[in-house]
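Throughout, read-outs are computed from the coordinates displayed, never taken from laboratory work. Only a predicted model underlies this, so the values are computations on that prediction, with no experimental measurement involved. Glycine gets a Cβ as well: all are built from the backbone with ideal geometry, and neighbour counts include every protein chain shown.
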Amino acid sequence: MRSMTKIACIALFLASVSAVAADQQVYRSASVDARWLNIPASARVASLAGAFAARGGEPGGIEANPAALAGTQDWQALLTHNSWVQGMKVERFLLAKNQGCWGTFGLGFDYFNLGEFEKTEINAAGDLVGLGTLYPNAMALSGAWAYDFGPLAIGVGVKYIGENLVSDWGSGLQTDLGARWTTEMGWRFGASLRNAALDLSTALRPLVLRAGAGYTFKDQPLALDANVDYQTQDQEPPSYRFAAEWAATKQFILRGGYIVGNDRTPQGPTAGLGWVEHVVELDYAFYAASSGDLGYSHLITLRLVPGRK
């Protein structure tokens, strides 16, 4: 039963990440959709429902807005393990370095493992025929840069993506753009354009427009955020993200959020906590994997912040 559930889950995922051609081919060679890149890459960002368009100083936030690199202290390294639904896993590594007047640079590597499943088809006689075992996977190599102009921060990121989802290799190049504005009153605003194609491929990318606002209280360690996403090429309604982060103590941070999604975007509650000890931060998060019965995903991020005082 578990294997059948996993196959159904993978089939649902492939259907959501691929443009269906006129001949009903689910995934065509050299077509990159890469919706898997929308899976959270940082436990902190995931626990805040991805409502990070107006945040900064967190390298993991580049998945929402590349301008989040601005404000990074010295250098930081993040390693995230995402235990996704039905045994699928995402591993992500990110290194960021503040180069002073040159801005902040980031380099990342992502690997998505869908596990293994048997490929089958129904022949002319109506019998189920096995076609071997598939090991679908995908990877991304990314670079990013951000600069802080006082209250204004801008950022840009570039990704090379490779996918081997149904025994065919596809690759592509795409970019992210973003900006963030902060005020002395505690208000924050941000917007980004993610996954814009840089190659000549005709594949539909998960082009995402994200905008958000947040407020950080000065008299208590509390921050609130709200974001809206619109994936223009999917012709689907916008999704909304709401989050709150509270530093209960100097070492423990509580986080929570909620995603109002649709049939293609994960929706439901998110939550997590962070533990800070000098230069080490350990974050945990769980978030809703889908609007159906696929369950929740769990993320753990180990973050090194040598410049933290």
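Annotations
- FRET efficiency, 1/(1 + (r/R0)^6) with R0 45 Å, evaluated for residue 235 and residue 156 via beta carbons: 0.95
- Estimated FRET transfer efficiency when R0 is 22 angstrom, pair residue 246-residue 282 (beta carbons, to 0.05): 0.80
- Amide H contacts of residue 72 (H built 1.01 Å from N, under 5 Å, at least 5 apart or other chain): 57
- Flagged links, alpha-carbon separation over 30 Å, of 89/218; 159/218; 97/250; 89/159: 89/218; 159/218
- Shape of the stretch 141-280, Cα gyration tensor, a/c cut at 1.5: prolate
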